[in-house]
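This report concerns only the one structure given below.
Read-outs: derived from the displayed coordinates by stated rules, not from any lab. The model shown is predicted, which means the values in this text are computed figures rather than measured ones. All Cβ positions, even for glycine, are placed from backbone atoms using ideal geometry, and neighbour counts span all protein chains on display.
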């Protein structure tokens, strides 16, 4: 008999592949075949995304939960409602991150399986170490200058995205395939000496679902905008039928404020346009500001890409807003 319907059980979990329990059952989806079609299409990406938690502790933890295992178990029925007697059920396993593809990438694009950054350049302050996100399944070793770091993966979901330490004042990073000899990507590290301005590190979730650092080296300005409401008070003393000149008739309430930062990258390679684009598109970002890791939101909504041909020198100014009110009103 022909395929009639499918029931899909979707398990989302941490750990090693296949280590799920019924407690990890996230969704049960039932769908019938559309008349005239030969297959059934199920979209699970948005469902899985609800179970991926993105947090940032400035890389203090040795492991992370930015990837999860997804096991999809499909139970097939024919047009008469009977279970298929062969290939039923079928089990599919995936490793999932909170990434995305572009329209031009078409459906279900395969994102990078080695270095989890788009650019071939990294900018760091002189004397400051950095982090490089990689996908461990596709990397055998990372060579930074002449020092090798072997990548190991025990199969746990928290091992899939790893953050390789970039020593201070490094020059070149080379990422090799699992055979340790096939060069997959070369990244140039530029170490910036900035004696005048304070450099700020912004960390954001990029298109691969990994954390990526971007330093802003030049002028920073801080401002804030205030919101409030007014109501008109009755200030008459009914006993004396007078009022005090010290009493306000227009009373202010619900006063709060949002702080905005305007940061500038300084001059960077035009290859960094991809990084700036992903920063604009991110849903999660943080800044290392006054000894605190604070959430921020990119306020800039339009971007004109700069190139060496059109602009000679490339730099970007980006507006951010802290992701909280100035006055603490969390209840």
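Compute the distance from the alpha-carbon center of the stretch 189-210 to that of the stretch 101-138, in whole Å.
Result: 14 Å between the Cα centres.
Using Cα centres only, tell me the gap between the stretch 266-331 and the stretch 3-41 in whole Å.
Cα centres, the stretch 266-331 to the stretch 3-41: 38 Å.
Roughly what percent of Cα-Cα pairs across the stretch 3-98 reach past 24 Å?
The calculated P(r) of the stretch 3-98 puts 33 percent of pairs beyond 24 Å.
Ranking request for peptides 149-162, 266-279: highest mean number of other beta-carbon atoms within 10 Å first, then the rest in descending order.
The most tightly packed comes first, giving 266-279, 149-162.
Take each of the peptides 238-250, 281-293, 21-33, 221-233, average the number of other beta-carbon atoms within 10 Å over its residues, and list them starting from the highest.
By packing density, highest mean first, the sequence is 281-293, 21-33, 221-233, 238-250.
Please give the calculated 222 nm ellipticity per residue for the chain, where each DSSP H segment of at least 4 residues contributes -39500 (n - 2.57) and the sum is spread over every residue; nearest 500 deg cm²/dmol?
After summing the helix terms and dividing by residue count, I get -1000 deg cm²/dmol.
Determine, for each peptide in 85-96, 105-116, the mean count of other beta carbons within 10 angstrom over its residues, then list the peptides with the highest first.
Going by the mean number of other Cβ atoms within 10 Å, highest first, we get 105-116, 85-96.
The list (1) -0.30, -0.50, -1.02; (2) -0.41, -0.59, -0.91; (3) -0.44, -0.65, -1.06 gives values of log10 I(q)/I(0) by the Debye sum over Cα atoms at q = 0.07, 0.09, 0.13 Å⁻¹, and only one came from this structure; which label was calculated from it?
(3)
If I take R0 = 51 Å and measure r between the Cβ atoms of residue 180 and residue 86 in this structure, what FRET efficiency does the formula 1/(1 + (r/R0)^6) give, to the nearest 0.05?
Using R0 = 51 Å, I get an efficiency of 0.75.
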